[in-house]
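Data first, discussion second: the structure below is written as structure tokens.
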Amino acid sequence: MTTTITLTGAGGQIGYALLFRIAAGDLLGPDEKVRLRLLEIPQGLGAAEGAALELQDGAFGLLEHVEVTDDPAVGFDGCDLALLVGARPRGPGMERGDLLAANAGIFGPQGAAIAAHAADGVRVTVVGNPANTNALIAAASAGDVPAERFSALTRLDENRARAQLSETLAVPVDTVRRVPIWGNHSATQFPDVSHATVGGRPAAEALEAIVGDVPTWLDQTFIPRVAKRGAEIIRVRGSSSVASAANATIEHVRDWVRGTEEWTSAGVVSHGEYGVPEGLISSFPVRSVDGEWQIVEGLEVSDRARAHRRVGRRARRGARRGAIPRDALKGHRAGSEQGRMDAGGAR
Ligand code: NAX
């Protein structure tokens, strides 16, 4: 069987890092052939065409076909998996509302093109920032495609959180589990260690033995380090996260397609779980079961998480601008709340 994968922003940095891993079988395994559709804007076509030449030179046995286009109707034709990476970055002097409007102009038409041209079971992963809002806009524009088929990437934040715990506790990172991200891929996110396990045992005791005052360490060291890791990468590397973002995207989509036993994190549509307003796209602890994200329910939400969310809500109320343009959401109830939550866009 061949899977058709559409990648927007294919001429950009994350696109370049993603393409070769997909072609090598990292996304769908060593037996699944792939057909790639690289969707760019005219200015990005040269870079995407160059990447397509290199894909050819990679002589990847799993890669059946590559098409480069700036036409969404061609780009999403028959698409099984859409990776929406291309987005409008915040330019100098750009207000939050301008950023949201510019991205609504991208993700609205892409959602409509997905509804019109993609395969019936299409699954859409939004990476381009502000990811949760862009996912909501695309979903709201996608007609009959259920909102549950759209999700936003917060796996990079979860990976960053697990890696920080691993380093602090001096344990292998793959023994650190259950560190969900609540909220958005933005500075108001909440990486939650209250359910974390290390080698199957609660992480709390091990943490206390090493850091002493765990609440202070969480508030002053861990949470800011994870939430501001994107800025740290930019400062040290001189450019935003690329390979780690591509890796997280691969893991997110692979888990969605293949299923998970353990929890992970993804921005998915709320049906009111944990008090998140219905219709918002927010990051939750999730499992993938039969190809669908399911929010892990019934978790005790710690006082710290509750307090953090209150702070987030106050910050959001303080934001005077930032609602998603009304016409981008066709009367979607949760639209302006989503826009206020998400426009910060961590990287
Ligand atoms: P680049 O600027 O290198 O690439 C973006 C590409 O998208 C460009 O080639 C541009 O021509 C293309 N593009 C713009 N509008 C398009 C449209 N309408 N259709 C198709 N292509 C379009 O950015 P890159 O470093 O690759 O980052 C891509 C996005 O990922 C950004 O929005 C960035 O903020 C976001 N990120 C999200 C992360 C997450 O965890 N959710 C983490 C990493 C990353 O910062």
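A compact table of results
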item	result
Single condition SER265 does not satisfy, out of (1) surrounded by fewer than 17 Cβ atoms within 10 Å (Cβ to Cβ); (2) touching a residue at least 40 places away in the same chain (Cβ under 8 Å)	(1)
Residue in the range 32-53 that is of a type in the set (Asp, Glu), surrounded by fewer than 17 Cβ atoms within 10 Å (Cβ to Cβ) and within 19 Å of VAL74 (Cα to Cα) present	yes
Candidates GLU32, GLU67, filtered to the one that is under 17 Å from GLU251 (Cα atoms) and without any contact (Cβ under 8 Å) to a residue 40 or more places away in the chain	GLU32
Of all residues making up the range 174-191, the number that are part of a strand (DSSP E or B) and free of Cβ contacts under 8 Å to residues at least 60 places away in the same chain	2
Any chance GLU95 is within 15 Å of the ligand (Cβ to nearest atom), touching a Gly at 6+ places or on another chain (Cβ under 9 Å) and either free of Cβ contacts under 8 Å to residues at least 40 places away in the same chain or not hydroxyl-bearing (Ser, Thr, Tyr) (or both)	no
Tally, over the range 187-208, of residues that are more than 16 Å from ALA163 (Cβ to Cβ) and buried (at least 24 other Cβ atoms within 10 Å of the Cβ)	1
Enumeration of residues in the range 130-173 that are without any contact (Cβ under 8 Å) to a residue 60 or more places away in the chain and either among the basic types (Lys, Arg) or on the phi > 0 side of the Ramachandran plot (or both)	GLY143, ARG149, ARG162, ALA170
Residue list for the range 237-260, restricted to those being in a helix (DSSP H, G or I), within 15 Å of the ligand (Cβ to nearest atom) and either loosely packed, with under 13 Cβ neighbours inside 10 Å or not assigned by TED's automatic domain parsing to the domain that holds ALA196 (or both)	ARG237
Residues that are under 30 Å from ALA24 (Cα atoms) and at pLDDT 95 or above, drawn from the range 261-282	THR264, SER265, ALA266, GLY267, VAL268
Conditions (1) under 30 Å from ALA112 (Cβ atoms); (2) within 13 Å of the ligand (Cβ to nearest atom); number of the one not met by ALA142	(2)
Those helices (runs of 4 or more DSSP H) lying entirely in the range 1-86 with at least 3 residues more than 10 Å from the ligand (Cβ to nearest atom) and more than 20 Å from the chain's Cα centre (by Cα)	45-57
Every residue from the range 88-120 that is buried (at least 22 other Cβ atoms within 10 Å of the Cβ) and either of a type in the set (D, E, K, R) or within 29 Å of LEU28 (Cβ to Cβ) (or both)	ASN103, PHE107, GLY108, GLN110, GLY111, ALA113, ILE114, ALA118
First in the range 117-129 and within 8 Å of the ligand (Cβ to nearest atom), second anywhere and of a type outside the set (Ser, Thr, Tyr) and assigned to a loop (DSSP other than H, G, I, E, B), Cβ under 6 Å, 6 or more apart	VAL127/VAL85; VAL127/LEU153; GLY128/VAL85; GLY128/GLY86; GLY128/ALA87; ASN129/ALA87; ASN129/GLY345
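Listed here are the residues, each with its yes/no results for (1) surrounded by 14 or more Cβ atoms within 10 Å (Cβ to Cβ); (2) under 30 Å from GLY29 (Cβ atoms); (3) at pLDDT below 95; (4) not β-branched (Val, Ile, Thr).
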| position | (1), (2), (3), (4) |
| --- | --- |
| GLN56 | no, yes, no, yes |
| PHE60 | yes, yes, no, yes |
| ASP70 | yes, no, no, yes |
| ALA73 | no, yes, no, yes |
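Here is a yes/no grid of residues against (1) closer than 26 Å to VAL301 by Cβ; (2) of a type in the set (Ser, Thr, Tyr); (3) within 10 Å of the ligand (Cβ to nearest atom):
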position	(1), (2), (3)
ALA112	no, no, no
ASN132	yes, no, yes
LEU136	yes, no, no
LEU153	yes, no, yes
LEU165	yes, no, no
GLY183	yes, no, no
ASP192	yes, no, no
GLU205	yes, no, no
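The values are calculated or read from the model by the stated rules, or taken from the named source; none is laboratory data. Since we're looking at a predicted model, the values are computed, not measured. Every residue, glycine as well, gets a Cβ built from its backbone with ideal geometry; the counts of neighbours run over all protein chains shown.
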